[in-house]
Structures are given as C-alpha cells and as structure tokens.
Amino acid sequence: QQVSVEVLDHLEHLALVDFRDSEGVERLQKAIQFADQLHEVNTDGVEPMDSVLEDRCLYLREDDVTEGNCTKELLENAREKVEEYFVAPPGNIPLPKLEERETFLQGS
C-alpha cells in the first residue's frame, strides 16, 4: 500500500518522526499493513468504550507530595526553557520540503 506525500508529511509533523529514507517509508507501510488487520475483527453489536475500566468505580488517592522543591535542578536538564517550563520544539527533526519528499517517494 502506497503512502501519499501528503499523508507522509502529516504523519511526520504529528509524530516528529523522519520518514525520509526508504527504510522509514517501508517501516511505515508495514505498520499500516499490521494495523489493517483490525478491519478483519467483527465488532457488530459491540458498543464503543471510553476505557476498559468504565464499568468500575475508580477511587482517587490523596495527592501527597513526598519529594520536591527541586525545580531548579530539573530545569538544568532542559535544552530550552521559558520561565519555569520546558520548551518542546515544534519539531526536533529538520523536515524536507514537500517537493523533496515527493521525489524521494517515487524511488521507494
């Protein structure tokens, strides 16, 4: 099953995963084939669930802080921070332009 350039572009931005080489595209195609097996499962009469625990009463515990006051030490591990927050990059991989990906996919 071929993966379109648009789908590849969308998945890269969502997952922050680089599919620029043939191995990456091949792994994605295998994952799609594996997931397609779910279409073979008969779900007639099965109600959708929010959780497998939705029929149980879940008890909340007290949120007691047992350790802490180490914000400064934790933030020393951050590559980038704003005020007292870790900054997650919009993408930790350099994504190629759409035209470059289209050329690559033709070879896979």
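Picking from residues in segment 5-17 that are in contact (Cβ under 8 Å) with a residue 24 or more places away in the chain and closer than 15 Å to Ala31 by Cα, the one that is farthest from the chain's Cα centre (by Cα) is Leu8. Hey, could you check segment 1-57 for residues that are basic (Lys, Arg) and open to solvent by 100 Å² or more (accessible area, probe 1.4 Å) and say which is farthest from Ala88 (Cα to Cα)? Only one residue tops the list, namely Arg56.
The values are calculated or read from the model by the stated rules, or taken from the named source; none is laboratory data. Since this is a predicted model, take the numbers as computed values, not measurements. As a convention, Cβ positions derive from the backbone with ideal geometry for all residues, glycine included, and neighbour counts pool all protein chains shown. Surface accessibility is based on the protein's heavy atoms, side chains included, excluding ligands, DNA and RNA. Shrake-Rupley method; radii C 1.70, N 1.55, O 1.52, S 1.80 Å.
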